[in-house]
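For reference, the structure is listed below as structure tokens.
Bear in mind these aren't lab numbers, they're just calculated from the coordinates by the rules spelled out. Since we're looking at a predicted model, the values are computed, not measured. So basically every Cβ, Gly included, is an ideal-geometry build from the backbone, and we count neighbours across all protein chains shown.
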Amino acid sequence: MDLNSPLFDSIRIKPKCDDPKAGSGKGGADQSAAADALCEAPGCTHPGLYRAPKGRKQEGQYHRFCIDHVRAYNAAYNYFDGMNDDAVQAFQKDAIIGHRPTWAMGSGTAEPRKRRRDAQPERDWAYADPLGVLRAAGIGGNERKAAPEPKKPRYSSAVRKALDVLGLDENADTAAIKAQYKVLVKRFHPDANGGDRSFEDRLRDIIRAHDVLRGANLC
């Protein structure tokens, strides 16, 4: 490294606070104005060299006090003065997220979700808590376990085909099968169609389907 380089001559060094030239800039003007301001404590004639925040809803604004009065002010300062316990707790809760709004996950909307202290979390799943561990922790509240869906019967392909011939699904019970069979036989029997035998093939399929279901003990 060449210590005689002309680049070192262009480096600017921040002046020290006790440098008499330091007051010539903007920072020096602020310090000079602070030195001219008097302490805001009633009856005090000392310079107000020290800032103290004015409080809630006046963020960014400050009082000017001398050293003695700024210590007394800070000792008695209470940002939450005038707020009830619920408001203080809500403020502290929002402070965790930096007082930024939040949205419900997957809501697809920019409108912030209202936060309530007593609101239960939104869930689309159910859980079992036989020992009451979650209830003891205040989770779940009065939620009940969702009733399990009834299991669909497992039939052979022949039975499923027979049900389809009768126009039924796998959830049809014995009463439904018998009732449907009677309706179809009456509809396609030649006696019900003036002796027309063109529906005999359809009637034969219905009778065979009924025999299959009866063999499976479904009717």
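Assorted remarks:
- Pairs beyond 23 Å (Cα-Cα), from Lys57/Lys93; Lys161/Lys182; Lys151/Lys186: Lys151/Lys186
- For His63, residues with placed amide H under 5 Å, excluding near neighbours: Ala52, Lys54
- The fewest-to-most ranking of Thr45, Thr174 by surrounding Cβ atoms within 10 Å reads Thr45, Thr174.
- Global geometry of the range 157-215, whether rounded, prolate or oblate, following the gyration tensor of its Cα atoms and the 1.5 cut on a/c: prolate
- Proxy reagent accessibility, fewest Cβ within 10 Å first, across Val70, Val133, Val165, Val185: Val133, Val185, Val165, Val70
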